[in-house]
Amino acid sequence: MSDLRIAAERSSRIDPINFYQGPVMHARMSPVHHRFSYSVFSILIDLDHLEDIDQESPLFSVNRFNVMSFYERDHGPRDGSSLSRYARELFKESGVDLEGGTVRLLCYPRIFGYVFDPLSVYFAYDRQGALVGLLYEVRNTFGEHHTYVAPIKPGEQNEAGIRQETKKRFFVSPFNPVEMTYRFRIHPPDQTVGLRILVTDGADPVLAATFHGTFLRFSSLSVLRLCLTIPFLTLKIIGGIHVEALRLWIKGMRLKSRPKPPAPSSVIGNE
């Protein structure tokens with residue numbers, strides 16, 4: 001059995017919910033240099049077992065308020081409908097059948113009812129446990145969102161992870177135009193998870209954003225520990241976005257006009 005298949009099957013046996021804790025880093029290379037990093041944590045949650053997850057800890061709830069919580073209406077169509085069904089329908093439309101498989105979502109949880117999630121990633125596994133597709137769900141500070149549907153094609157995945165590329169379709173940073181390219185490099189969740197997005201303008205790199213998280217088993221103790229060590233996760237993210245935007249403006253960056261948002265989703269490779 002290949003190392004890739006072993007990793008896929010191991011990841012498919014991860015508990016229905018777990019944490020990944022580690023640094024987020026942003027580095028701008030052009031037209032000014034700017035870099036920052038801060039510590040965050042994400043949950044990896046099995047969208048097909050939300051009712052069971054709701055009973056895992058008195059400090060964590062699904063679709064209802066708690067110290068830490070997960071709401072389906074924070075993602076997908078934002079109407080509180082089933083995210084598992086939403087993801088499966090998007091994949092089916094792109095030619096990926098997840099019958100018998102699983103869908104897991106890597107995202108930020110709500111802390112005392114609040115969350116802002118700039119990027120959430122759905123990992124789709126087939127019935128054999130192999131990773132067959134991803135959804136990159138992007139949100140901006142204007143309340144808009146867009147999902148890039150990314151079936152894994154031959155040659156995109158090896159022992160080093162997954163490499164995918166798409167034209168940018170959605171306005172995110174007020175300092176960047178839409179006419180750019182995303183280059184994704186993903187290390188699927190196991191004992192670690194890794195996300196890297198390189199934003200390019202033609203062949204020139206403009207911005208890199210990364211998250212490298214280390215596995216932490218879900219429990220009431222880990223919920224409490226994370227809430228005590230990083231108690232203002234959402235405020236940290238929102239505050240960081242605006243503080244760094246001010247620093248970029250001081251360095252001479254100027255705002256771009258915001259275009260009309262695109263359709264809710266697009267399939268990578270169908271540009």
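The values are calculated or read from the model by the stated rules, or taken from the named source; none is laboratory data. Values in this document were obtained by computation on a predicted structure and should not be read as measured data. When we count neighbours, we look across all protein chains shown, and the Cβ atoms used for this are built from the backbone with ideal geometry, even at glycine. Surface areas here come from the heavy atoms of the whole protein model, side chains and all, with no ligands, DNA or RNA. Shrake-Rupley method; radii C 1.70, N 1.55, O 1.52, S 1.80 Å.
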- Considering each residue of the stretch 87-111, count those that are open to solvent by 40 Å² or more (accessible area, probe 1.4 Å) and either under 19 Å from Tyr136 (Cβ atoms) or touching a strand residue (DSSP E or B) at 6+ places or on another chain (Cβ under 8 Å) (or both), and give that number. 5
- Hey, Leu207 modelled with pLDDT under 95, aliphatic (A, V, I, L, M) and either open to solvent by 20 Å² or more (accessible area, probe 1.4 Å) or over 26 Å from Ala263 (Cβ atoms) (or both) or not: yes
- Message: Tell me whether the stretch 80-93 contains one or more residues that are under 18 Å from the mean Cα position of the chain (by Cα) and under 23 Å from Gly213 (Cα atoms).
- Response: no
- Does Val178 satisfy the condition of being within 22 Å of Ser257 (Cα to Cα), open to solvent by less than 40 Å² (accessible area, probe 1.4 Å) and free of Cβ contacts under 8 Å to residues at least 60 places away in the same chain? no
- Message: Residues to consider are Pro58, Pro77; find the one that is in contact with a helix residue (DSSP H, G or I) (Cβ under 7 Å, 6 or more places away or on another chain), surrounded by fewer than 18 Cβ atoms within 10 Å (Cβ to Cβ), under 18 Å from Tyr136 (Cα atoms) and not hydrophobic (A, V, I, L, M, F, W, C).
- Response: Pro77
- Item | Test: Ser173 is open to solvent by less than 20 Å² (accessible area, probe 1.4 Å) and among the hydroxyl-bearing types (Ser, Thr, Tyr) | no
- Only unsatisfied item for His33, checking (1) buried (at least 20 other Cβ atoms within 10 Å of the Cβ); (2) over 28 Å from Glu159 (Cβ atoms); (3) modelled with pLDDT under 95; (4) not acidic (Asp, Glu), is (1)
- Note on the structure: Subset of the stretch 26-71, residues within 21 Å of Thr192 (Cβ to Cβ) and touching a residue at least 24 places away in the same chain (Cβ under 8 Å), comes to His26, Ala27, Tyr38, Ser39, Val40, Phe41, Ser42, Ile43, Leu44, Ile45, Asp46
- Within the stretch 36-51, the residues that are at pLDDT below 90 and open to solvent by less than 50 Å² (accessible area, probe 1.4 Å) are Phe36, Tyr38
- Is there a residue in the stretch 217-240 that is more than 27 Å from Asp54 (Cβ to Cβ), among the hydrophobic types (A, V, I, L, M, F, W, C) and open to solvent by 10 Å² or more (accessible area, probe 1.4 Å)? no
- Hey, could you check the stretch 181-204 for residues that are in contact (Cβ under 8 Å) with a residue 24 or more places away in the chain and among the β-branched types (Val, Ile, Thr) and say which is surrounded by the fewest Cβ atoms within 10 Å (Cβ to Cβ)? Thr192
- Task: Take the residues in the stretch 241-271 that are free of Cβ contacts under 8 Å to residues at least 40 places away in the same chain and more than 20 Å from Phe171 (Cβ to Cβ), then tell me which one is surrounded by the most Cβ atoms within 10 Å (Cβ to Cβ).
- Result: Val243
